[in-house]
1. How are the Cα pair distances of the chain distributed, in percent, across 5 Å bins from 0?
2. Specify the angular offset, from 0 to 90 degrees and rounded to the nearest 10, of the alpha carbon long axis of helix 37-54 from the longest principal axis of the alpha carbons in the chain.
3. Could you work out the relative contact order of the chain? I mean the mean sequence separation of Cα pairs under 8 Å and 6+ apart, divided by the number of residues, in percent.
4. Want the number for A103 to D49: 0.36 nm per residue separation, take away the alpha-carbon distance, what's left?
5. Given H placed on each backbone N at 1.01 Å, which residues far from K79 in sequence or on other chains put an amide H within less than 5 Å of it?
6. Output the 0 to 90 degree angle, nearest 10, between the alpha-carbon long axis of helix 82-97 and the longest principal axis computed from the alpha carbons of the chain.
7. Could you tell me the calculated FRET efficiency between R63 and R13, based on Cβ-Cβ distance and R0 = 30 angstrom, to the nearest 0.05?
8. With axes computed from alpha carbons, what is the tilt in degrees of helix 8-17 against the longest principal axis of the chain, rounded to the nearest 10 within 0 to 90?
Amino acid sequence: MRRGAASGAGRWRWRLLELRGWSRVGDEITRSFGIRYHGGVAMIVHVADVERLIGHHADIDLRWDRVRFGITTHDAGHKLTDADFDLAKRIDQIAAAHGAEPAAG
């Protein structure tokens, strides 16, 4: 391992610090956004289009006033991978484009 490189859980802690608003819950990273229902549906469709293109997807929970994303790599035994953090960044960009606001759980 090269000098200064983090590995294992330490690596994911550093990656998570780069993603404001995301939290680690077990082997998943999660974030919720406040957005009205129909805006949430549009945001989910946008996220789904990107997920299809990159071959990685989040678990999504839509409520009347928020959307929650949970990301883990199912193919890696429900472990965190670089793909999870890449998808989280993309979701943040999409959420901002849809005017979604950070929300608690």
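The values are calculated or read from the model by the stated rules, or taken from the named source; none is laboratory data. Source: prediction; values computed, not measured. Cβ coordinates were reconstructed from backbone atoms using ideal geometry, including for glycine residues, and neighbour counts include every protein chain displayed. Heavy atoms of the whole protein, side chains included, go into the accessibility calculation; ligands, DNA and RNA do not. Shrake-Rupley method; radii C 1.70, N 1.55, O 1.52, S 1.80 Å.
1. Taking every Cα pair in the chain, the percentages come to 2, 13, 25, 23, 18, 11, 5, 2, 1, 0.
2. Its long axis makes an angle of about 40 degrees.
3. 32 percent.
4. 17.1 nm
5. So K79 has HN proximity to T73.
6. 30 degrees
7. On the way: r = 29 Å, r/R0 = 0.96.
Once rounded, the FRET efficiency stands at 0.55.
8. Relative to the chain, helix 8-17 is tipped by roughly 40 degrees.
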